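Data first, discussion second: the structure below is written as C-alpha cells.
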Amino acid sequence: MVNYIVLDLEFMCLRGRSGGDIIEIGAIKMTTNEANQGIIMTDLFHSYVKPERNPKVNAMTTTLTGITQEDVDGAPGFKDILSAFTNWIGDEPYYFIAWGPDDKYQLVRHCRERDLSLSWLMNYNDLQLQFTMLHGENSGNRFGLKRALEHLNLVFMGRPHQALDDALNTGRIFAHVYPKLTLTNNNAAEEPLYTSELVYSSGSGEEKNMPFSDLANMLGMVL
C-alpha cells in the first residue's frame, strides 16, 4: 500500500528576511480506498515546534498564524518533532504532497543546519504547480490554496495559515485531482542545497514561501 503524506508547515515571520524557524507542522496520511477508486484520509499528525534561533514569537507571526508564545514554549524542538514525524510516516512506501516548494526547502535547511539525515524526505510533489498547470495557468502565476478550492467549488475549512487546516484543505484538493496527477520520485539527500526565495506569484497575495505577505499587505508594507 502506498501512502500520501499531505504536509504543511508554518514558520516564524521575520520582517524583511526569510529563513524563520518552523513552529508548526501538520500532516494527514491518505491512501486509495479498497476499490482503488478514490483517496481517503487514514491518520493525521500535528505539533507545534519550539523555535531555536528566534525563540520569541512576534506579533506578526501570531496575527498571521494564530500561534502564541505559550503554544511553542512547551513544544518539542525540531529534532524531536522530526523523529516523531518520521515514525508516524511508517515503513510503507509514500509520496509527500505539499502546496508549493517551500516546505521542502525549509525542511532541507533545518536538517542540514542540525546534521540530520535527509533520506526520509523523498518523493516530494508540489501539488500547487501541478494544479496550476492542469488548469491552464502559467507556472509563474500559481493558484493560491483558497483560489484552488474555489475553482473546485469548495470552501476553505478551518483557519488559513494553521498547519493542520492547510494540510486538510490541500488533501481535499489532492483527492479531487488525484486521477490527473503525475507523481514523481526524488530524494532530497541526493539533490543540491536549497535556498528559500520567491520563485512564483499566486497573483492573489497567497505566496506560500513568504508566509507574512498577507499580513504585510494588511499593514501596507512593501516586501
(request) Give Gly77, Gly90 a once-over and let me know the one that is under 20 Å from Gly171 (Cβ atoms) and of a type outside the set (D, E, K, R). (result) Gly90
(message) Looking at the structure I just gave you, is Thr62 surrounded by 13 or more Cβ atoms within 10 Å (Cβ to Cβ), within 14 Å of Lys29 (Cβ to Cβ), of a type outside the set (A, V, I, L, M) and without any contact (Cβ under 8 Å) to a residue 60 or more places away in the chain?
(response) no
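Here's the yes/no breakdown for (1) surrounded by 13 or more Cβ atoms within 10 Å (Cβ to Cβ); (2) within 21 Å of Thr32 (Cβ to Cβ); (3) touching a His at 6+ places or on another chain (Cβ under 6 Å):
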| residue | (1), (2), (3) |
| --- | --- |
| Leu127 | yes, yes, no |
| Gly144 | yes, no, no |
| Phe156 | yes, no, no |
| Asn185 | no, yes, no |
(request) Please specify each residue of region 86-138 satisfying the condition of being assigned to a helix (DSSP H, G or I), within 14 Å of the chain's Cα centre (by Cα) and of a type in the set (S, T, N, Q). (result) Gln106, Gln128
(message) Can you report the number of residues in region 94-153 which are acidic (Asp, Glu), over 19 Å from Phe174 (Cα atoms) and touching a Gly at 6+ places or on another chain (Cβ under 9 Å)?
(response) 0
(message) Go through region 139-160 and report how many residues are outside any loop (DSSP other than H, G, I, E, B) and either of a type in the set (S, T, N, Q) or within 18 Å of the chain's Cα centre (by Cα) (or both).
(response) 6
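Computed from the coordinates by the stated procedures, all read-outs in this text should not be read as laboratory data. Computed from a predicted model, the values in this text were never measured in an experiment. Glycine gets a Cβ as well: all are built from the backbone with ideal geometry, and neighbour counts include every protein chain shown.
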